[in-house]
Amino acid sequence: MQETPASMNTSVFEDTIARDQRIEPRDWMPDAYRATLVRQIAQHAHSEIIGMQPEGEWITRAPSLRRKAILFAKVQDEAGHGLYLYSAAETLGADRTDMTERLIDGRQKYSSIFNYPTRTFADVGVIGWFVDGAAICNQVPLCRTSYGPYGRAMVRVCKEESFHQRQGYELLLTMMRGTDEQRAMVQDAVDRWWWPSLMMFGPPDDDSPNSARSMAWGIKRHSNDVLRQRFVDMTVPQAEKLGVTLPDPGLRWNEERGHHDFSAPDWDELKRVVSGDGPCNAERIARRRAAHEEGAWVRRAAAAHAAKRTARSRRGAAA
Amino acid sequence: MTDEDLYVDGDGARWAFGTGFTDPLHGIDQTVPDGVDAEDLAACCLALGDDALVSAQRLAEWCTRAPELEEELALANIGLDLLGQARLLYARAGRADGTGHGEDAYAYFRDPEDFRNIRLAELPGGDFAFTVARLLVLSVWRLAVCEALATAPDPVLAAIAAKSVKELAYHRRWAAEWTVRLGDGTEESAARMRAALDELAPWLDELLSDSTAARLGAEPAAVAARTRLELFHVLADAGLNRSTDVSPLDTSAFLPGSGRNGQHTPHLAPLLAELQSVARAHPDASW
Amino acid sequence: MSPTSKAEWPLYEVFVRGKRGLNHVHVGSLRAADDDMALLHARDLYTRRNEGVSIWAVRSDTIAASAPDEKDPFFAPSGDKVYRHPTFYDIPDDVPHI
């Protein structure tokens with residue numbers, strides 16, 4: 001096969017993006033596009049997997065069997081979403097074992113939000129409402145991302161996650177109709193999760209060095225600040241209905257902009273948590289590492305059995 | 001076109017998404033029929049419900065600790081099935097025993113001595129080999145029981161059993177495949193499987209002599225014979241049988257007492273303390 | 001699977017038939033040690049919501065795929081054979097059932 005000139009590859013690639021068509025796994029793509037995607041998809045997949053931990057701790061303690069089933073199914077979905085995303089990354093030549101190793105030795109990141117602890121069962125509700133709500137704001141546009149397998153994985157994730165946010169909000173509604181103690185638990189959880197949730201959208205646009213290129217390549221469809229604004233506008237009326245106060249004295253409707261004004265989160269805190277110094281970073285990674293290492297004998301055994309089975313069937317065929 | 005339109009109406013059509021969910025008890029009269037001993041029925045539902053709840057709790061402990069991500073999904077699916085069975089059985093127990101209790105009254109507000117699960121279910125989680133071995137035994141046995149109960153004289157229990165049969169057949173398949181993989185895989189995995197089988201052997205007799213469901217159609221001797229035979233075949237495939245005897249596990253170290261009478265190991269109390277912690281800390285709360 | 005892969009289990013591609021009358025559709029991939037495990041994993045991962053009536057799992061390294069570089073020799077030649085399409089033919093509106 002003759003080598004295609006690089007310039008021709010580039011123009012086909014750029015033309016495909018310009019026509020809002022999808023890049024597919026075996027297409028030529030610039031190395032930096034591939035690397036950016038692998039980093040972003042791996043980070044997204046890791047977030048789903050690490051994100052199982054803060055809520056997963058409450059499955060065995062859920063206070064009703066109905067809540068137990070809902071939470072068990074939700075956390076299981078997150079494992080599934082992680083797998084859809086690893087599957088998309090593998091189409092780019094990334095290897096899941098390799099990505100897992102990069103996660104547990106800190107070379108690849110996951111969403112900073114999962115480094116905060118879950119203190120009461122109200123946190124389960126607030127995570128569903130805020131964290132899954134923010135995730136939906138981020139992910140719905142990604143259904144149209146320029147890389148085909150990533151977009152298709154996001155379609156499936158978004159479809160499935162619509163229940164995640166609703167179950168959280170419904171739990172909070174129920175708790176707000178319960179005892180004073182429960183209402184206090186909900187407000188406390190809202191106070192703790194509001195700012196970390198705003199940080200989920202990443203640093204402000206003027207401090208987000210890779211954003212412009214990702215937007216030009218159609219990997220990202222909206223800037224961090226646009227999505228953050230969308231989340232705030234969506235959440236304010238939901239908080240009113242619920243009867244909780246969002247912990248930002250600067251939060252108010254701006255008639256002129258047609259959006260809510262809100263205060264900036266503590267970006268230094270985001271930097272600290274992203275760089276590994278959040279309340280639960282070490283614990284989250286230790287758990288993931290332990291599961292990976294303690295499962296090694298199981299994975300090896302299954303592979304050994306498969307190899308023996310293949311050998312036996314070859315011998316059987318030869319005999 | 002907005003993003004939302006695109007993913008709902010455009011790409012969405014490409015996917016096969018789940019549609020419609022069935023209520024296993026739809027259209028079934030909840031009255032306990034004449035000729036069914038309500039006390040027997042309640043005891044049977046409670047015992048099988050407790051087995052399922054305690055097993056589901058042990059499986060939930062695997063969450064975020066499974067040996068591979070795909071197995072997270074498998075273990076959670078099995079746990080969710082068993083949790084679903086427990087909920088249906090508790091609802092039936094509440095009707096049959098005349099208290100009208102809901103599922104949560106049974107799960108959260110009984111003490112260890114009031115639980116009626118067999119002790120095998122409450123033993124601590126152990127390693128993956130122990131989880132596989134225990135699930136194999138429990139699902140083979142429970143499948144035999146539920147197949148018999150699918151024609152029980154109580155139509156609600158029969159419907160719950162018929163639904164459970166489909167789920168348990170899958171659990172048995174998952175556990176049997178893993179038993180063979182681990183038994184045949186590496187020296188380490190075979191040793192771990194053998195250790196797991198040794199550990200659960202003393203608790204097997206409680207299961208095989210259980211007569212909880214006898215008066216509703218699950219004849220203990222038949223259930224026991226079938227359980228032994230199926231275990232024998234799976235363990236033979238896995239190279240784990242100790243002898244050619246159809247009683248594959250050494251039950252001579254049988255431990256007296258029975259969870260069916262509320263006699264439990266020390267492992268049940270901490271399991272329940274965790275399960276019930278939030279519910280009991282806020283007894284007036286609604287969730 | 002690339003020869004440098006660290007993974008213990010090979011990659012499988014999964015295809016699900018959503019309901020009777022439809023084709024199997026590619027839904028993604030997973031890792032499994034053997035074919036039996038691949039089917040169970042596919043069931044647990046891709047049909048948690050009642051999505052399927054049939055599953056295929058195929059080892060990714062056994063799939064023969066056309067190369068994007070050869071897109072033109074493969075697919076362009078069928079592009080101009082307009083006579084294969086029913087709209088190529090002019091039939092008066094008043095001819096029934098055609």
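Before moving on, here are some points about what is shown:
- Convex hull volume per residue for the protein assembly as shown, taking Cα atoms only, in Å³: 226
- Phi angles across region A:201-208 convert, under the Karplus curve 6.51 cos²θ - 1.76 cosθ + 1.60 with θ = phi - 60°, into 3J(HN,Hα) values of 7, x, x, x, 4, 6, 10, 10 Hz, Gly and Pro given as x.
- Cα shape, region B:37-255, gyration tensor, a/c 1.5 rule: prolate
- Global form of region A:5-318, assessed from the alpha-carbon gyration tensor, a/c cut-off 1.5: oblate
- The magnitude of the dipole of the protein assembly as shown, with charges of +1 and -1 set on the Cβ of Lys/Arg and Asp/Glu and taken from the Cα centre, is near 1160 debye.
- Each Cα pair under 8 Å and six or more residues apart adds its sequence gap; the mean of these over the residue count of chain B is a relative contact order of 22 percent.
- Site pair B:GLU274 and A:THR245 shows an inter-label distance of 3.8 nm when each label is modelled 7 Å from Cα along Cα→Cβ.
- Using R0 = 35 Å, the C-beta based FRET efficiency linking A:ASP191 and A:SER162 works out to 0.85.
- 3J(HN,Hα) from dihedral phi, region B:65-70, Karplus parametrisation 6.51/-1.76/1.60, rounded to Hz, x for glycine, proline: 10, 5, x, 8, 4, 4
- Relative contact order (percent, whole number), chain A, Cα cutoff 8 Å, 6+ residue spacing: 18
- The calculated FRET efficiency for A:ASP233 paired with A:LYS271, based on their beta-carbon distance and R0 = 25 Å, is about 0.45.
- Relative contact order for region A:17-114, counting Cα pairs under 8 Å that sit 6 or more residues apart, in percent: 40
- Prolate/oblate/rounded label for region B:39-136 (Cα gyration tensor, a/c 1.5): prolate
- Degrees, to the nearest 10: C:35-46 long Cα axis against longest axis of chain C: 70
- Partners of A:LYS220 within straight-line reach, counting aspartates and glutamates whose Cα lies under 15 Å from its Cα and excluding those fewer than 8 residues away in the same chain: A:ASP20, A:ASP205, B:ASP3.
- 0 to 90° range, to nearest 10: angle between helix A:148-176 axis and chain A longest Cα axis: 30
- Charged-residue dipole, Cβ positions (Lys, Arg, Asp, Glu), region B:133-262 about Cα centre, Debye nearest 20: 360
- Amide H contacts of A:TRP58 (H built 1.01 Å from N, under 5 Å, at least 5 apart or other chain): none
- Accessible surface buried at the C:B interface totals approximately 1700 Å², computed with a 1.4 Å probe on protein heavy atoms.
- Modelled label reach - B:ASP237, point 7 Å along Cα→Cβ, region B:114-133 residues with backbone N closer than 16 Å: B:132-133
The values are calculated or read from the model by the stated rules, or taken from the named source; none is laboratory data. Model, not experiment: these values are computed from the prediction. For neighbour counting, all protein chains shown are included, and Cβ atoms are generated from backbone atoms with ideal geometry for every residue, glycine included. Accessible surface areas use protein heavy atoms only, side chains included; no ligands, DNA or RNA. Shrake-Rupley method; radii C 1.70, N 1.55, O 1.52, S 1.80 Å.
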